[in-house]
Amino acid sequence: MAPDWTARTTDPAVTSLVCQSITVLSPRGIAASVNRLIRTGHLEVGERLPTVRDLAVELSVSPATISAAWQTLSTVGAIESRGRAGTFVRRVAEPSRPVRYLSVGWAPNYVGFDLSTSMPDPALLPSLEESLRSLGSASLRWTASYLEDPVHPDLRDEILEDWPYQPERLVTVEGALDGLSRVIDQIVSVGVRVVVEDPGFPALIDLLEARGAEVVPVALDDQGMLPDALAVALVGDPVAVFLHSRSQNPTGAGLTADRRDALAKVLKGSRALIVEADHSGMISRAPDVSLGTRLPERTVHIRSYSKSHGPDLRTAALAGPADVVDPLMSRRMLGPGWTSQILQSLLLQLLRDPSAQACVARARSTYQEKTTSLTNLLEAEGLHVHPGDGVNLWVGVNNEHSAMQTLAAAGVRVAPGSSFSITPNHSPHIRITTAHLPDDVDDQTDIARHIVRAARATPGQKSGVS
Ligand SMILES: Cc1ncc(COP(=O)(O)O)c(C=O)c1O
């Protein structure tokens, strides 16, 4: 049925189709039937739905029942009210593909130097075999019950020892991204505003856009979000502000105590939840500075152990106020429930084991050395780059496409800056994961030369290797 875009009243055929499809006369039953008509294409985008009053009369139910059904459909983005013009079928969001995240580049069998993925160097992770061997039965905890405390109590104590503040709740989740995703499920719905760093983490932006949120970008410098820019963004009453506490992806920026205090001052006047990701955790050199020390009742702080202890542990700690964390954990019971206590025992073992601690410290200094080495080599070639914390270097270029092409021709893969940028006219950049630089100084020097040529490349210039 093709909608008549100019219609001022509902097509009687639509009213009859809607009425015939409804079998259960509750708000939920009505919403489910109409949603099914939309999903199956029987009601097209832009179709005007019957008014609350008309449908209530047709179905012999109260107007409140229809209103509640329309409210449910509008919350999930299936319909929209256009005031006095009526209520219309809305364009249903495409099944969400993580477009930005995929555009960073996945090339598992890449032949050449792959500096495009912000992953730890496997050679610098603590040995899981050793930790598993020394995990005696006294410290191995596992459960046969669905009803136990989902967090290993000793692990909670261990993590809290160097947590930047005393949170009301601390739980574990399956990585920082899982934590972000679960918080988003709790607080973000279609049409709400959320503030994020620009440039920012592509997967986070994908998640927020898939949810139908309006993403409001805020610029940052090497100390984090700019307080004045945040103040402007808060005027739109966002439900949440997402930021990194340290090793910001992609820039490597980290909150200083002064910047935290300036941001806390600005945030005091808003109601937004603060969601901090410490995705690099213990491989960061900077201290973990959190707004939780100033606004604990509004801060969720997530620390991942993926970069320090291995992505396959799939474990991050998530702390925050009970009114956010408790519903999140209840919802999680309708899925994985909790992080396996076996994995939690292993993480605890790794955190306490002196040789694993030494390994993480070695990784931290190696990442710093590699970033410093590449920065110096670029500087020697006349390209100034500001080194950040963590495993990445954010490099300004003349033209992103030309830079990517030049590097691809030289067998070097990096991530395109546009995948991280929210404002369309961002200044062109590439992100280089220094963690995967080769150890050999000659190889590093060659790579640095290619990067400098790439940074200066302009459209139309030949990208061949010289
Ligand atoms: C900012 C940021 N958050 C989260 C993640 C994913 O971390 P996890 O493995 O803990 O989910 C990454 C991965 O690079 C990241 O850069």
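Backbone geometry of the stretch 278-295 corresponds, through the Karplus equation with coefficients 6.51, -1.76 and 1.60 at θ = phi - 60°, to 3J(HN,Hα) couplings of 9, 6, 8, x, 6, 8, 7, 7, 5, x, 7, 8, 10, 5, x, 6, 10, 10 Hz, x marking Gly and Pro.
Dividing the helix sum by the residues of the chain, where each DSSP H run of 4 or more adds -39500 (n - 2.57), gives a mean residue ellipticity at 222 nm of -12000 deg cm²/dmol.
Where Rh denotes the Kirkwood radius from the mean inverse Cα pair distance, what is Rg over Rh for the stretch 384-466? Don't jump to the answer; show the numbers that get you there.
On the way: Rg = 12.4 Å, Rh = 13.1 Å.
Expressed as Rg/Rh, it is 0.95.
The distance between label points at D439 and D258 comes to 4.0 nm (points 7 Å beyond Cα on the Cα→Cβ vector). Subtracting the Cα-Cα distance of A107 and S26 from 0.36 nm times their residue separation leaves 24.2 nm of extension gain. Based on every Cα atom in the stretch 12-89, Rg and the maximum pairwise Cα distance Dmax equal 10.9, 28 Å. If only the Cβ of Lys and Arg carry +1 and only the Cβ of Asp and Glu carry -1, the dipole of the chain around its Cα centre is close to 1200 debye.
Alpha-carbon geometry of the stretch 169-287: the Rg and the Dmax are 13.5, 38 Å, given in that order.
With N as its number of residues, the stretch 229-372 has a Cα radius of gyration that, divided by 2.2 N^0.38 Å, comes to 1.16.
Among F242, F88, the order by Cβ neighbours within 10 angstrom, fewest to most, reads F88, F242.
Provide the gained length on full extension for the span N425 to D185, in nm with one decimal, where the gain is 0.36 nm per separating residue minus the Cα-Cα distance. Please list the in-between numbers first.
On the way: separation 240, 0.36 × 240 = 86.40 nm, distance 3.01 nm.
Computed gain between N425 and D185 is 83.4 nm.
In this simple spin-label model, placing a label point 7 Å from the Cα along the Cα-to-Cβ direction at both A13 and T143 gives a separation of 5.7 nm. Apply the Debye scattering formula to the stretch 344-397, with a single equal point scatterer on each alpha-carbon and no solvent, then give log10 I(q)/I(0) at q = 0.15, 0.20, 0.24, 0.31 Å⁻¹. Normalising to I(0) and taking log10 leaves -0.55, -0.72, -0.87, -1.13. Distance between the pseudo-spin-label points of S355 and Q71 (7 Å out from Cα toward the beta carbon): 6.1 nm.
Amide H contacts for D114 (H built 1.01 Å from N in the peptide plane; partners 5 or more residues away or on another chain; cut-off under 5 Å): R413.
The overall shape of the stretch 66-201, judged from the alpha-carbon gyration tensor, is oblate: a/c is not under 1.5, and a/b is no greater than b/c.
Using every pair of distinct Cα positions in the stretch 124-353, the Kirkwood expression returns a hydrodynamic radius of 18.0 angstrom.
For the chain, the share of DSSP beta bridges that are antiparallel, to the nearest 5, is 50%. Just need log10 I(q)/I(0) for the chain at q = 0.10, 0.12, 0.13, 0.14 Å⁻¹, Debye formula, equal scatterers on the alpha-carbon atoms, no solvent, rounded to two decimals. Debye intensities relative to I(0), on a log10 scale: -0.85, -1.08, -1.18, -1.27. All C-alpha pair distances within the stretch 1-145, sorted into 10 Å bins from zero, spread as 9, 28, 16, 9, 13, 16, 9, 1 percent across the bins.
FYI, it's all coordinate maths here, none of it is from the lab. Worth saying up front: this structure is predicted, and the values here are computed from it rather than measured. Here the Cβ is made from the backbone with ideal geometry for all residues, glycine too, and neighbour counts use every protein chain on show.
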